[in-house]
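All remarks here apply to the structure that follows.
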Amino acid sequence: MDFLEIDLKSQGGAITIDPVKFGFAEGKGNGWLKHHHNPDGPPMEFSMELKDADKDLALQYLARNPKLNLKPPKPTEEKSTLKNFRLHATGNDRDINSFNGNGSFSLQDPSLAKVNMLGLLFKELKNFPLPFISYRFDRMESDFKLQEEFMVFGPEPLKIFGPTSKVDATGNLNIKTRELNFKVRLLPLGLPLAKFLEMNLGGTIDKP
């Protein structure tokens, strides 16, 4: 972290940290955390929001934690910015795969079409020689549910935007195994077509 400021209170075995202010990957974040002995439910609850972080730098930092099983991609030529990331979740602090909650994010990334997870899709799209379709994508945003090992996108899809087309994806990502299970649709913008291409995307993040 670039910096960390907390206000901690302890009472009756319960710990409350509110607010939490921090710097991470050149971005600024805030939130709160509560930890208490609760035999009937998860002992930890937290809420956090991070804005304007460097995506490549953030992935490099997160990859240092072996529990996350994260292999950061090569840095992009142009700066990619995590404009906003929000997460509210509850779980057991001793088990990183026990958390459940809701979140959202928005990413500005000029190199989105080169990401492994999307590379197979865009390779298929280029087989269709339609001059009015651009396969340049530079923005991704979505709400998601955190369900233990899974990030679930749906019923509202993960959305990827380009100047003349949009990609919608619904499904899930297994954070622990990095497995993918998505249904992906390409929708040309400004055209009278409901959808242009639909495909299933499986495998893993490294080998979709």
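Things worth noting here:
- A simple count of charges around residue 162, restricted to other residues whose Cβ falls under 10 Å of its Cβ and scoring Lys, Arg +1 and Asp, Glu -1, yields +2.
- With 0.36 nm allotted per residue and the present C-alpha distance subtracted, the residue 106-residue 177 stretch has 23.2 nm of extension available.
- Accessible heavy-atom area order of 86, 64, 94, highest first, probe of 1.4 Å: 94, 64, 86
- At R0 = 35 Å, FRET efficiency that the Cβ-Cβ distance of residue 69 and residue 189 yields, to 0.05: 0.45
- A 1.4 Å probe run over the protein chains yields, for the range 15-113, 58 Å² of accessible area per residue, whole-number rounding.
- The stretch between residue 36 and residue 207 holds 57.5 nm of extra length on full extension. This uses 0.36 nm per residue minus the Cα-Cα distance.
- Restricting the GluC sites (Glu not before Pro) of the range 1-76 to loop positions (DSSP other than H, G, I, E, B) with no more than 14 neighbouring Cβ atoms within 10 Å leaves 26.
- Radius 14 Å from Cβ of residue 37, net charge of other residues (Lys, Arg +1; Asp, Glu -1): -1
- To the nearest ten degrees, helix 116-125 and the longest principal axis of the Cα atoms of the chain are 20 degrees apart.
- The range 32-42 - phi-based ³J(HN,Hα) in whole Hz, Karplus 6.51/-1.76/1.60, Gly and Pro as x: 8, 8, 10, 9, 8, 7, 9, x, 9, x, x
- Area accessible to solvent at residue 80, 1.4 Å probe radius, in Å²: 0
The values are calculated or read from the model by the stated rules, or taken from the named source; none is laboratory data. Note that the structure is a prediction, hence the values are computed from the model and not measured. Backbone-built Cβ (ideal geometry, glycine too); neighbour counts: all protein chains shown. Protein only, heavy atoms only, side chains kept; ligands, DNA and RNA dropped before computing areas. Shrake-Rupley method; radii C 1.70, N 1.55, O 1.52, S 1.80 Å.
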